[in-house]
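The values are calculated or read from the model by the stated rules, or taken from the named source; none is laboratory data. In this text, all values refer to a predicted model and were calculated from it rather than measured experimentally. Remember, those area values only see protein heavy atoms, side chains included, never the ligands or the DNA or RNA. Shrake-Rupley method; radii C 1.70, N 1.55, O 1.52, S 1.80 Å.
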Amino acid sequence: MRTFIKNIGTIYGILPEGVMKKEGTEMNEVLSMDNAHITVSDGKIESFGKMEEISTEGEGYDEVIDAGGGFVMPSFCDSHTHIVYAGCRDGEFRDKIDGLSYEEIAARGGGILNSADLLHRTSEDELYRQSAERAREVMLMGTGSLEIKSGYGLTVEDELKMLRVIRRLKEDFPMEIRSTFLGAHAVGRAFAGRQADYVDHVCNEMLPAVAAEGLADFVDVFCDKGFFTPEETVKILEAAGRYGLVPKIHANELAISGGVQAGTAHGALSVDHLEQTGPEEIEDLKKHRHTMPTMLPGASFFSNLPFGNAKGFIRAGLGVALASDYNPGSSPSGNMRFVMSLACIRMRLTPEEAFNACTINSAYAMGVSDIAGSITPGKRADLIITRTLPSFAFIPYSHQTPFISRILVKGQTVSIPALQK
Ligand code: NIG
Ligand code: FE
(Lines give C-alpha, C1' and ligand atoms only; values in the text may rest on other atoms or scores of the structure.)
(Ligands and ions follow the chains in the order given, each with its own letter.)
Protein backbone atom coordinates (compact mmCIF):
# COMPACT_ATOMS: atom_id res chain seq x y z
CA MET A 1 0.00 0.00 0.00
CA ARG A 2 1.48 3.34 -1.09
CA THR A 3 0.06 6.75 -0.24
CA PHE A 4 0.92 10.16 -1.65
CA ILE A 5 0.19 13.21 0.51
CA LYS A 6 0.25 16.36 -1.59
CA ASN A 7 -0.18 20.10 -1.09
CA ILE A 8 1.22 20.19 2.43
CA GLY A 9 1.52 23.82 3.58
CA THR A 10 4.44 22.99 5.89
CA ILE A 11 5.91 19.78 7.27
CA TYR A 12 7.05 20.23 10.89
CA GLY A 13 9.28 17.87 12.87
CA ILE A 14 11.70 16.67 10.21
CA LEU A 15 14.74 14.90 11.69
CA PRO A 16 17.70 13.16 10.11
CA GLU A 17 17.96 9.44 10.75
CA GLY A 18 19.70 8.57 13.99
CA VAL A 19 18.56 11.53 16.13
CA MET A 20 17.00 9.86 19.16
CA LYS A 21 16.26 12.89 21.36
CA LYS A 22 16.86 16.61 21.77
CA GLU A 23 18.58 18.43 24.62
CA GLY A 24 19.17 22.03 25.70
CA THR A 25 19.08 24.59 22.89
CA GLU A 26 18.31 21.86 20.31
CA MET A 27 14.88 21.67 21.89
CA ASN A 28 14.02 25.04 20.39
CA GLU A 29 14.68 23.83 16.84
CA VAL A 30 11.95 22.33 14.68
CA LEU A 31 13.02 21.58 11.14
CA SER A 32 10.35 22.35 8.57
CA MET A 33 9.70 22.37 4.83
CA ASP A 34 7.08 24.48 3.02
CA ASN A 35 4.99 23.43 -0.03
CA ALA A 36 5.79 19.80 0.41
CA HIS A 37 4.66 16.25 -0.19
CA ILE A 38 5.21 12.97 1.69
CA THR A 39 5.07 9.44 0.36
CA VAL A 40 4.12 6.53 2.59
CA SER A 41 4.76 2.89 1.85
CA ASP A 42 3.58 -0.08 3.92
CA GLY A 43 2.88 2.03 6.97
CA LYS A 44 6.20 3.86 6.93
CA ILE A 45 7.35 7.26 5.74
CA GLU A 46 9.12 6.60 2.45
CA SER A 47 10.21 10.11 1.41
CA PHE A 48 9.34 13.79 1.52
CA GLY A 49 10.24 16.79 -0.58
CA LYS A 50 9.07 20.00 -2.22
CA MET A 51 5.94 19.93 -4.38
CA GLU A 52 7.72 21.72 -7.22
CA GLU A 53 10.37 19.00 -7.40
CA ILE A 54 7.92 16.29 -8.40
CA SER A 55 6.16 15.69 -11.68
CA THR A 56 3.46 13.35 -10.35
CA GLU A 57 0.13 14.35 -8.82
CA GLY A 58 -0.01 10.92 -7.26
CA GLU A 59 -0.38 8.66 -10.28
CA GLY A 60 0.64 5.11 -9.50
CA TYR A 61 -0.18 5.40 -5.78
CA ASP A 62 -2.98 3.44 -4.11
CA GLU A 63 -4.20 6.53 -2.28
CA VAL A 64 -3.75 10.28 -2.77
CA ILE A 65 -4.44 12.64 0.13
CA ASP A 66 -4.69 16.36 -0.56
CA ALA A 67 -3.53 18.19 2.58
CA GLY A 68 -5.04 21.38 1.17
CA GLY A 69 -2.31 23.60 2.56
CA GLY A 70 -2.57 22.19 6.09
CA PHE A 71 0.50 21.27 8.12
CA VAL A 72 1.80 17.74 8.61
CA MET A 73 3.49 16.82 11.88
CA PRO A 74 4.42 13.56 13.57
CA SER A 75 1.77 12.17 15.90
CA PHE A 76 2.19 12.77 19.61
CA CYS A 77 3.98 10.14 21.68
CA ASP A 78 2.45 9.80 25.13
CA SER A 79 5.11 8.09 27.24
CA HIS A 80 3.24 7.96 30.57
CA THR A 81 -0.39 6.89 30.99
CA HIS A 82 -2.61 4.75 33.18
CA ILE A 83 -5.51 4.35 30.73
CA VAL A 84 -6.38 0.82 31.85
CA TYR A 85 -8.72 1.44 34.79
CA ALA A 86 -12.28 0.65 35.74
CA GLY A 87 -14.95 3.33 36.06
CA CYS A 88 -13.73 6.70 37.21
CA ARG A 89 -13.23 8.71 40.39
CA ASP A 90 -15.60 11.57 39.85
CA GLY A 91 -16.66 11.34 43.51
CA GLU A 92 -13.18 12.44 44.58
CA PHE A 93 -13.50 15.40 42.27
CA ARG A 94 -15.87 16.93 44.82
CA ASP A 95 -13.40 16.22 47.67
CA LYS A 96 -10.74 17.91 45.62
CA ILE A 97 -12.95 20.95 45.04
CA ASP A 98 -13.61 21.03 48.78
CA GLY A 99 -9.87 21.39 49.28
CA LEU A 100 -8.57 17.90 50.05
CA SER A 101 -5.11 17.23 48.66
CA TYR A 102 -4.12 14.16 46.61
CA GLU A 103 -2.37 12.75 49.70
CA GLU A 104 -5.36 13.41 51.99
CA ILE A 105 -7.70 11.60 49.60
CA ALA A 106 -5.26 8.66 49.42
CA ALA A 107 -4.83 8.61 53.23
CA ARG A 108 -8.60 8.22 53.62
CA GLY A 109 -8.45 5.01 51.61
CA GLY A 110 -9.54 6.74 48.44
CA GLY A 111 -7.32 7.35 45.47
CA ILE A 112 -5.48 4.43 43.94
CA LEU A 113 -7.03 1.90 46.37
CA ASN A 114 -10.46 3.04 45.29
CA SER A 115 -9.57 2.26 41.67
CA ALA A 116 -8.08 -1.08 42.73
CA ASP A 117 -11.34 -2.11 44.45
CA LEU A 118 -13.34 -1.24 41.35
CA LEU A 119 -10.91 -2.98 39.01
CA HIS A 120 -11.07 -6.13 41.17
CA ARG A 121 -14.85 -6.27 40.66
CA THR A 122 -14.58 -5.70 36.88
CA SER A 123 -14.13 -8.56 34.42
CA GLU A 124 -11.17 -8.58 32.05
CA ASP A 125 -13.48 -8.16 29.05
CA GLU A 126 -15.25 -5.19 30.57
CA LEU A 127 -11.90 -3.65 31.57
CA TYR A 128 -10.74 -4.11 27.99
CA ARG A 129 -13.91 -2.45 26.68
CA GLN A 130 -13.48 0.62 28.88
CA SER A 131 -9.75 0.88 28.19
CA ALA A 132 -10.19 0.49 24.42
CA GLU A 133 -12.57 3.48 24.53
CA ARG A 134 -9.77 5.57 26.04
CA ALA A 135 -7.20 4.25 23.58
CA ARG A 136 -9.56 5.22 20.75
CA GLU A 137 -10.12 8.63 22.37
CA VAL A 138 -6.40 9.47 22.53
CA MET A 139 -5.72 8.16 19.03
CA LEU A 140 -8.37 10.53 17.70
CA MET A 141 -6.63 13.40 19.49
CA GLY A 142 -3.40 12.65 17.64
CA THR A 143 -1.48 10.15 19.76
CA GLY A 144 0.44 7.55 17.73
CA SER A 145 2.60 5.94 20.43
CA LEU A 146 1.28 5.17 23.89
CA GLU A 147 2.79 3.80 27.09
CA ILE A 148 0.33 2.20 29.52
CA LYS A 149 0.98 1.16 33.14
CA SER A 150 -0.55 -1.42 35.42
CA GLY A 151 -0.86 -0.47 39.09
CA TYR A 152 -4.57 -0.60 39.89
CA GLY A 153 -4.43 -4.35 40.49
CA LEU A 154 -2.11 -4.56 43.50
CA THR A 155 -2.61 -8.36 43.66
CA VAL A 156 -0.91 -10.90 41.39
CA GLU A 157 -4.16 -11.79 39.60
CA ASP A 158 -5.37 -8.23 39.12
CA GLU A 159 -2.00 -6.92 37.95
CA LEU A 160 -1.96 -9.75 35.38
CA LYS A 161 -5.51 -8.83 34.38
CA MET A 162 -4.43 -5.26 33.66
CA LEU A 163 -1.32 -6.31 31.75
CA ARG A 164 -3.31 -8.80 29.67
CA VAL A 165 -5.67 -6.00 28.74
CA ILE A 166 -2.67 -3.91 27.63
CA ARG A 167 -1.48 -6.88 25.55
CA ARG A 168 -4.88 -7.01 23.82
CA LEU A 169 -4.70 -3.26 23.13
CA LYS A 170 -1.25 -3.81 21.57
CA GLU A 171 -2.74 -6.45 19.31
CA ASP A 172 -5.88 -4.55 18.34
CA PHE A 173 -4.68 -0.96 17.87
CA PRO A 174 -2.39 0.42 15.18
CA MET A 175 -0.66 2.69 17.74
CA GLU A 176 2.78 1.64 19.02
CA ILE A 177 1.99 0.58 22.60
CA ARG A 178 4.42 -0.24 25.43
CA SER A 179 3.45 -1.73 28.81
CA THR A 180 4.86 -0.98 32.23
CA PHE A 181 4.47 -3.07 35.39
CA LEU A 182 3.64 -0.74 38.30
CA GLY A 183 2.84 -3.21 41.10
CA ALA A 184 4.34 -0.70 43.56
CA HIS A 185 1.78 2.02 42.89
CA ALA A 186 0.28 1.71 46.40
CA VAL A 187 0.28 -0.98 49.09
CA GLY A 188 -2.48 -3.49 48.30
CA ARG A 189 -5.28 -3.69 50.89
CA ALA A 190 -4.32 -7.23 51.95
CA PHE A 191 -0.96 -5.84 53.06
CA ALA A 192 -2.23 -2.76 54.95
CA GLY A 193 0.32 -1.81 57.60
CA ARG A 194 2.84 -4.30 56.16
CA GLN A 195 4.56 -2.29 53.46
CA ALA A 196 7.84 -4.26 53.61
CA ASP A 197 5.90 -7.51 53.05
CA TYR A 198 4.13 -5.94 50.09
CA VAL A 199 7.47 -4.94 48.54
CA ASP A 200 8.63 -8.55 48.95
CA HIS A 201 5.38 -9.70 47.36
CA VAL A 202 6.00 -7.42 44.36
CA CYS A 203 9.54 -8.80 44.00
CA ASN A 204 8.91 -12.47 44.70
CA GLU A 205 5.36 -13.12 43.46
CA MET A 206 4.23 -10.42 41.06
CA LEU A 207 7.41 -9.88 39.04
CA PRO A 208 8.01 -13.57 38.27
CA ALA A 209 4.37 -13.99 37.20
CA VAL A 210 4.50 -10.91 34.96
CA ALA A 211 7.82 -11.99 33.46
CA ALA A 212 6.62 -15.55 32.88
CA GLU A 213 3.95 -14.24 30.51
CA GLY A 214 6.24 -11.58 29.00
CA LEU A 215 3.65 -8.94 29.79
CA ALA A 216 5.82 -5.92 30.61
CA ASP A 217 8.35 -3.84 28.70
CA PHE A 218 9.23 -1.63 31.68
CA VAL A 219 8.98 -1.47 35.48
CA ASP A 220 7.79 1.53 37.49
CA VAL A 221 7.57 2.41 41.20
CA PHE A 222 5.69 5.33 42.78
CA CYS A 223 8.71 6.62 44.73
CA ASP A 224 7.25 9.46 46.72
CA LYS A 225 6.26 10.75 50.15
CA GLY A 226 3.55 8.50 51.58
CA PHE A 227 4.10 5.80 48.94
CA PHE A 228 7.44 3.95 48.40
CA THR A 229 10.88 4.93 49.69
CA PRO A 230 14.04 5.06 47.55
CA GLU A 231 15.30 1.93 49.37
CA GLU A 232 12.12 0.01 48.52
CA THR A 233 12.30 1.35 44.99
CA VAL A 234 15.87 0.11 44.55
CA LYS A 235 14.87 -3.33 45.83
CA ILE A 236 12.10 -3.56 43.23
CA LEU A 237 14.27 -2.20 40.41
CA GLU A 238 16.98 -4.72 41.19
CA ALA A 239 14.50 -7.58 41.21
CA ALA A 240 13.00 -6.33 37.93
CA GLY A 241 16.46 -5.99 36.42
CA ARG A 242 16.88 -9.75 36.79
CA TYR A 243 14.02 -10.09 34.30
CA GLY A 244 15.50 -7.46 31.98
CA LEU A 245 12.89 -4.81 32.81
CA VAL A 246 14.15 -1.24 32.39
CA PRO A 247 12.84 1.33 34.92
CA LYS A 248 10.58 4.29 34.29
CA ILE A 249 9.98 5.91 37.65
CA HIS A 250 7.30 8.06 39.28
CA ALA A 251 9.44 10.50 41.27
CA ASN A 252 9.19 13.83 43.04
CA GLU A 253 5.50 14.51 42.50
CA LEU A 254 4.66 15.20 46.13
CA ALA A 255 8.12 15.81 47.61
CA ILE A 256 11.82 15.64 46.80
CA SER A 257 11.77 11.88 47.20
CA GLY A 258 15.17 10.56 46.11
CA GLY A 259 13.33 8.84 43.28
CA VAL A 260 15.32 10.60 40.58
CA GLN A 261 18.60 9.29 41.98
CA ALA A 262 17.17 5.80 42.56
CA GLY A 263 16.05 5.75 38.92
CA THR A 264 19.16 7.13 37.28
CA ALA A 265 21.42 4.80 39.27
CA HIS A 266 19.47 1.86 37.83
CA GLY A 267 19.51 2.93 34.21
CA ALA A 268 15.98 4.37 34.12
CA LEU A 269 14.85 5.36 30.66
CA SER A 270 12.79 8.14 32.23
CA VAL A 271 12.04 9.72 35.59
CA ASP A 272 8.56 11.17 35.56
CA HIS A 273 6.52 13.90 37.32
CA LEU A 274 9.34 16.05 38.82
CA GLU A 275 6.99 18.72 40.14
CA GLN A 276 9.46 19.01 43.04
CA THR A 277 13.11 19.15 42.08
CA GLY A 278 16.19 21.03 43.18
CA PRO A 279 19.71 21.55 41.86
CA GLU A 280 20.74 18.06 43.05
CA GLU A 281 18.26 16.46 40.66
CA ILE A 282 19.50 18.57 37.76
CA GLU A 283 23.13 17.71 38.56
CA ASP A 284 22.27 14.03 38.83
CA LEU A 285 20.44 14.04 35.50
CA LYS A 286 23.36 15.82 33.84
CA LYS A 287 25.50 12.85 34.85
CA HIS A 288 22.94 10.33 33.59
CA ARG A 289 22.07 11.46 30.06
CA HIS A 290 20.43 8.12 29.29
CA THR A 291 17.50 9.08 31.54
CA MET A 292 14.87 11.42 30.09
CA PRO A 293 13.26 13.80 32.60
CA THR A 294 9.53 13.67 31.87
CA MET A 295 6.99 16.18 33.10
CA LEU A 296 3.24 15.79 33.31
CA PRO A 297 1.64 19.24 33.33
CA GLY A 298 -1.87 17.75 33.09
CA ALA A 299 -1.36 16.33 36.60
CA SER A 300 -0.09 19.67 37.92
CA PHE A 301 -3.12 21.38 36.38
CA PHE A 302 -5.73 18.95 37.68
CA SER A 303 -4.18 18.35 41.11
CA ASN A 304 -3.17 21.96 41.78
CA LEU A 305 0.47 20.98 42.11
CA PRO A 306 3.44 23.13 41.11
CA PHE A 307 4.42 22.84 37.46
CA GLY A 308 7.85 21.26 37.01
CA ASN A 309 10.88 23.41 36.28
CA ALA A 310 11.13 22.28 32.66
CA LYS A 311 12.74 25.53 31.59
CA GLY A 312 15.48 25.12 34.21
CA PHE A 313 16.19 21.63 32.93
CA ILE A 314 16.49 22.88 29.35
CA ARG A 315 18.71 25.80 30.41
CA ALA A 316 20.96 23.25 32.12
CA GLY A 317 21.36 21.54 28.75
CA LEU A 318 19.02 18.65 29.49
CA GLY A 319 16.20 17.25 27.41
CA VAL A 320 12.62 17.21 28.67
CA ALA A 321 9.74 14.99 27.59
CA LEU A 322 6.07 15.68 28.20
CA ALA A 323 3.29 13.15 28.70
CA SER A 324 -0.36 13.20 29.74
CA ASP A 325 -0.37 10.88 32.80
CA TYR A 326 -3.98 10.04 31.76
CA ASN A 327 -5.40 8.43 34.92
CA PRO A 328 -8.60 8.63 36.98
CA GLY A 329 -7.06 10.40 40.00
CA SER A 330 -4.62 13.11 39.07
CA SER A 331 -5.07 13.68 35.33
CA PRO A 332 -8.26 12.44 33.68
CA SER A 333 -7.23 13.55 30.19
CA GLY A 334 -5.01 12.16 27.46
CA ASN A 335 -5.08 15.27 25.31
CA MET A 336 -1.46 15.82 24.28
CA ARG A 337 -2.27 19.06 22.47
CA PHE A 338 -3.51 20.43 25.82
CA VAL A 339 -0.31 19.13 27.45
CA MET A 340 1.63 21.11 24.85
CA SER A 341 -0.42 24.23 25.64
CA LEU A 342 0.04 23.85 29.40
CA ALA A 343 3.78 23.49 28.88
CA CYS A 344 3.82 26.78 26.98
CA ILE A 345 1.43 28.68 29.22
CA ARG A 346 2.44 27.41 32.66
CA MET A 347 6.03 26.18 32.14
CA ARG A 348 7.06 28.85 29.67
CA LEU A 349 8.32 26.46 27.04
CA THR A 350 8.34 27.79 23.51
CA PRO A 351 5.93 26.06 21.10
CA GLU A 352 9.01 24.42 19.54
CA GLU A 353 10.31 23.13 22.89
CA ALA A 354 6.86 21.82 23.82
CA PHE A 355 6.50 20.15 20.41
CA ASN A 356 9.86 18.35 20.68
CA ALA A 357 8.99 17.33 24.24
CA CYS A 358 5.69 15.78 23.03
CA THR A 359 7.17 14.01 20.00
CA ILE A 360 10.83 12.93 19.68
CA ASN A 361 11.66 13.20 23.41
CA SER A 362 8.53 11.41 24.57
CA ALA A 363 9.25 8.76 21.93
CA TYR A 364 12.69 8.37 23.53
CA ALA A 365 11.13 8.17 27.00
CA MET A 366 9.17 5.07 25.96
CA GLY A 367 11.92 3.49 23.88
CA VAL A 368 10.46 4.10 20.41
CA SER A 369 12.42 7.07 19.07
CA ASP A 370 14.06 4.80 16.46
CA ILE A 371 10.64 4.21 14.87
CA ALA A 372 8.46 7.19 15.85
CA GLY A 373 8.45 10.83 16.96
CA SER A 374 9.62 12.62 13.81
CA ILE A 375 9.27 12.94 10.05
CA THR A 376 12.11 10.66 9.02
CA PRO A 377 12.10 8.19 6.13
CA GLY A 378 11.79 4.66 7.52
CA LYS A 379 9.85 5.68 10.62
CA ARG A 380 6.19 4.79 11.18
CA ALA A 381 3.83 7.01 9.22
CA ASP A 382 2.03 8.31 12.31
CA LEU A 383 0.98 11.70 11.01
CA ILE A 384 -1.33 14.53 11.96
CA ILE A 385 -2.60 16.53 8.98
CA THR A 386 -3.91 19.82 10.31
CA ARG A 387 -6.57 22.17 9.06
CA THR A 388 -5.21 25.28 7.39
CA LEU A 389 -3.73 27.16 10.35
CA PRO A 390 -2.16 30.62 10.57
CA SER A 391 1.03 29.42 12.27
CA PHE A 392 2.78 26.61 14.11
CA ALA A 393 2.28 28.49 17.40
CA PHE A 394 -1.49 28.50 16.78
CA ILE A 395 -1.58 24.82 17.80
CA PRO A 396 -0.77 25.40 21.50
CA TYR A 397 -2.09 28.99 21.48
CA SER A 398 -5.68 28.46 20.40
CA HIS A 399 -5.80 25.36 22.48
CA GLN A 400 -9.47 24.44 22.17
CA THR A 401 -9.91 25.21 18.46
CA PRO A 402 -10.14 21.95 16.50
CA PHE A 403 -6.91 21.65 14.54
CA ILE A 404 -6.82 18.14 13.06
CA SER A 405 -8.17 17.42 9.61
CA ARG A 406 -6.94 13.83 9.29
CA ILE A 407 -4.89 11.34 11.27
CA LEU A 408 -2.78 8.54 9.90
CA VAL A 409 -1.54 5.83 12.22
CA LYS A 410 0.88 3.35 10.65
CA GLY A 411 -0.03 4.89 7.30
CA GLN A 412 -3.75 4.21 7.66
CA THR A 413 -6.34 6.94 8.00
CA VAL A 414 -8.04 6.69 11.36
CA SER A 415 -11.70 7.49 11.33
CA ILE A 416 -14.36 7.12 13.97
CA PRO A 417 -16.51 4.57 12.07
CA ALA A 418 -13.41 2.49 11.26
CA LEU A 419 -12.74 2.21 14.95
CA GLN A 420 -16.19 1.01 15.96
CA LYS A 421 -15.85 -2.72 16.30
O1 NIG B 1 0.87 9.53 37.99
N2 NIG B 1 1.24 9.46 41.09
C3 NIG B 1 0.91 8.30 41.01
N4 NIG B 1 0.09 7.77 40.11
C5 NIG B 1 -0.76 8.51 39.26
C6 NIG B 1 -2.07 8.80 39.89
C7 NIG B 1 -2.82 7.59 40.10
C8 NIG B 1 -4.17 7.80 40.65
O9 NIG B 1 -4.41 8.71 41.44
O10 NIG B 1 -5.02 6.99 40.29
C11 NIG B 1 -0.05 9.72 38.75
O12 NIG B 1 -0.39 10.86 39.10
FE1 FE C 1 1.47 8.47 36.58
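Observations, loosely collected:
- Under 5 Å, built H, 5+ apart or other chain: amide partners of SER331: none
- Using the alpha-carbon positions of segment 163-305, Rg (one decimal) and Dmax (whole number) come out as 15.2, 43 Å.
- Phi-based couplings in Hz for segment 16-21 (Karplus 6.51, -1.76, 1.60; Gly and Pro marked x): x, 4, x, 7, 9, 6
- Using a probe radius of 1.4 angstrom, the carbon and sulfur fraction of the accessible surface of segment 268-315 is 52%.
- The chain - share of DSSP beta bridges that are antiparallel (%, nearest 5): 45 percent
- Value of D in µm² per second that Stokes-Einstein yields for segment 345-421, Kirkwood Rh from Cα pairs, at 4 °C (1.567 mPa s): 92 µm²/s
- Rolling a 1.4 Å probe over the heavy atoms of the protein chains gives segment 234-281 an accessible area of 31 Å² per residue.
- Computed from Cα positions, the angle between helix 230-241 and the longest principal axis of the chain comes to roughly 60 degrees.
- Of the Cα atoms belonging to the chain, the radius of gyration and Dmax stand at 20.9, 72 Å.
- Descending semi-axes in whole angstrom, ellipsoid equivalent of segment 23-66, from the Cα gyration tensor: 27, 14, 7
- Taking all protein chains into account, the per residue accessible area for segment 321-421 stands at 34 Å² (1.4 Å probe).
- Entry note: segment 228-299 has Rg to Rh equal to 0.95, where both radii use alpha-carbon atoms and Rh is the Kirkwood radius.
- Cut-off under 5 Å, modelled amide H: who pairs with VAL271 long-range: ILE249, MET292, THR294
- Between helix 336-347 and the chain: long-axis angle, C-alpha atoms, 0 to 90°, nearest 10: 80 degrees
- Against the chain, whose longest principal axis is taken from its Cα atoms, helix 111-120 shows a tilt of about 90°.
- Accessible area per residue, Å², segment 1-59 with all protein chains present, probe 1.4 Å: 50 Å²
- Projected onto planes of every orientation and averaged, the convex hull of the alpha-carbon atoms in segment 287-421 covers 9.8 nm².
- For segment 8-68, the share of accessible area belonging to carbon and sulfur comes to 44 percent (1.4 Å probe, ligands and nucleic acids excluded).
- Size of segment 72-116 from its Cα atoms: along the principal axes, largest to smallest, the extents are 46, 22, 17 Å.
- Ranked from largest, the principal axis spans of the Cα set of segment 128-212 equal 43, 24, 18 Å.
- Taking 28 Å as the limit for the C-alpha separation, the pairs LYS161/LYS287; LYS21/LYS225; LYS44/LYS161; LYS44/LYS311; LYS161/LYS248; LYS6/LYS248 exceed it in the case of LYS161/LYS287; LYS21/LYS225; LYS44/LYS161; LYS44/LYS311; LYS6/LYS248.
- Two-decimal ratio, segment 1-99, of alpha-carbon radius of gyration to 2.2 N^0.38 Å: 1.59
- Note on the chain: GNM, Cα springs under 10 Å; of PHE173, PHE71, PHE222, the largest mean-square fluctuation is that of PHE173.
- The amide H of SER405, built 1.01 Å from its N in the peptide plane, has ILE385, THR386, ARG387 as neighbours under 5 Å, considering only residues 5 or more places off or on other chains.
- Estimated 222 nm signal from helices in the chain, with DSSP H stretches of n ≥ 4 weighted -39500 (n - 2.57), rounded to 500: -9500 deg cm²/dmol
- Sequence-ordered 3J(HN,Hα) estimates for segment 314-325 from the Karplus curve with 6.51, -1.76 and 1.60 and θ = phi - 60° stand at 5, 4, 7, x, 8, x, 9, 10, 10, 9, 8, 6 Hz, glycine and proline given as x.
- Comparing Cα centroids, segment 305-364 and segment 226-260 end up 22 angstrom apart.
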